[in-house]
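J.: Questions regarding the structure given below will be posed in turn.
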Amino acid sequence: MIEFKDVSKIYSNGVVGLDHVNLTIEQGEFVGIIGLSGAGKSTLLRSINRMHDITSGSLMVDGLEISKLKTKELRNFRRKIGMIFQSFNLVTRTTVIRNVLMAKVPDMTFWRVLLGVFKKEDKIEALENLDKVGILDKAYIRADQLSGGQQQRVALARTLTQNPQIILADEPVAALDPVTAKQVMNDFKRINQEMNISILINIHHVELALEYADRIIGIRAGKIVYDGPSKDVTEEVLNTIYEGKIPNEMEEA
Ligand SMILES: Nc1ncnc2c1ncn2[C@@H]1O[C@H](COP(=O)(O)OP(=O)(O)O)[C@@H](O)[C@H]1O
Ligand SMILES: [Mg+2]
């Protein structure tokens with residue numbers, strides 16, 4: 001469970017990223033976070049795995065106040081949280097399976113890392129996770145030979161190999177064409193349903209958010225202005241979230 005209690009984040013330059021946010025997310029939820037560019041979506045995600053510290057309030061994950069975690073506890077905590085970015089963040093000059101196995105590096109001995117020797121069971125796990133995202137046949141191909149959608153799937157398989165409890169995805173489909181974006185959203189959905197991993201996705205495609213997420217959190221200028229089921233998101237709600245500037249895709253849909 002993730003619990004924000006009166007959380008604010010004020011950047012050192014005075015910009016308010018989050019403004020008195022209250023939020024509870026249960027294990028296994030699929031949440032879409034929407035809002036204009038600059039609304040605070042990334043700030044919200046980055047607070048959860050403590051990529052930055054919050055300024056005030058309380059942020060608990062499974063009952064742990066994360067601002068209080070010391071170095072080693074923080075490292076263990078972060079292993080439970082997978083992070084997916086728009087830009088995939090792969091080592092493009094090596095194979096797909098080696099990219100996926102990177103998730104095991106924190107558990108490996110110095111010598112194994114140095115020599116690049118992975119355990120057989122880790123390799124099997126990596127292959128299983130590539131299978132889960134439908135690209136098992138690409139395991140021994142160089143990552144830069146893959147399409148954008150396939151690279152995002154490698155990133156997803158790598159994150160799964162970390163055995164996360166929560167996946168935070170910051171605009172994971174923003175760089176993909178609409179058909180590929182849907183395929184990747186389907187992967188997230190399947191992983192959410194089959195593995196009970198909580199998924200929080202920042203997404204600027206309104207219609208994708210409404211189609212795939214069960215719950216929508218709408219942020220405007222650091223404040224949560226909507227929090228409820230996707231099916232209850234009306235045009236009025238969208239106008240509130242987007243300050244009357246609902247992104248075009250909605251009109252086309
Ligand atoms: N490192 C930073 N330093 C200062 N201001 C920042 C920083 N990161 C984000 N901001 C500001 O905080 C606000 C929220 O940003 P962000 O969370 O990135 O929004 P979103 O992801 O919704 O586009 C914006 O005004 C942005 O300019
Ligand atoms: Mg962002």
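Values quoted throughout were computed directly from the atomic coordinates according to the rules given, and no laboratory measurement underlies them. All values derive from a computational prediction rather than experimental measurement. Here Cβ is always computed from backbone atoms with ideal geometry, including for glycine, and neighbour counts include all displayed protein chains.
J.: For an R0 of 25 angstrom, estimate the FRET efficiency from the Cβ-Cβ distance between L114 and E194 and round to the nearest 0.05.
T.: Step by step, r from the Cβ atoms, then E = 0.10.
J.: Quick one: grab Rg to one decimal and Dmax as a whole number for the chain, Cα atoms only, in Å.
T.: For the chain, the Cα-based Rg and Dmax read 18.5, 58 Å.
J.: Using r as the Cβ-Cβ distance of E207 and L23, and R0 as 25 Å, what FRET efficiency do you calculate, to the nearest 0.05?
T.: The value I calculate is 0.60.
J.: Compute from the Cα atoms of region 1-82 the Rg and the Dmax, the latter being the longest Cα-Cα distance, and quote both in angstrom.
T.: So, for region 1-82, Rg and Dmax equal 12.5, 36 Å respectively.
J.: What number comes out for the charge environment of Q145, summing +1 per Lys or Arg and -1 per Asp or Glu over other residues with Cβ under 11 Å away?
T.: Here the charged neighbours net out to +2.
J.: Could you order the peptides 235-247, 26-38 from most to least packed, using the average number of other C-beta atoms within 10 Å per residue?
T.: Those peptides, ordered most packed to least, come out 26-38, 235-247.
J.: What are the semi-axes of the equivalent ellipsoid for region 121-253, taken as the square roots of 5 times the Cα gyration tensor eigenvalues, largest first, in whole Å? All intermediate terms of the calculation are to be shown ahead of the outcome.
T.: Details: eigenvalues 191, 53, 25 Å².
Those come to 31, 16, 11 Å.
J.: Treating cross-link reach as a plain straight distance, find the lysines whose alpha-carbon is under 23 Å from the alpha-carbon of K231, omitting any fewer than eight places away in the same chain.
T.: In chain and number order, the partners are K41, K182, K189, K223, K245.
J.: Under the rule a/c < 1.5 gives rounded, and otherwise a/b versus b/c splits prolate from oblate, where does region 110-152 land using the Cα gyration tensor?
T.: oblate
J.: Report the local net charge at L36: Lys and Arg +1, Asp and Glu -1, summed over other residues whose C-beta lies under 10 Å from its C-beta.
T.: Computed value for this residue: +2.
J.: Hey, another quick one. What is the distance, in nm, between label points placed 7 Å from the Cα along the Cα-to-Cβ direction at R79 and at V179?
T.: The two pseudo-label positions are separated by 4.1 nm.
J.: Amide H of I141 versus every other amide H placed in the peptide plane: which residues, excluding those fewer than 5 positions away on the same chain, fall under 5 Å?
T.: Distant-sequence amide H within range of I141: V96, I97.
J.: When ranked by the protection proxy of mean other Cβ atoms within 10 Å per residue, highest first, what sequence do the peptides 142-150, 97-105, 219-227, 71-79 form?
T.: Taking the mean over residues of other Cβ atoms within 10 Å, the ranking is 97-105, 219-227, 142-150, 71-79.
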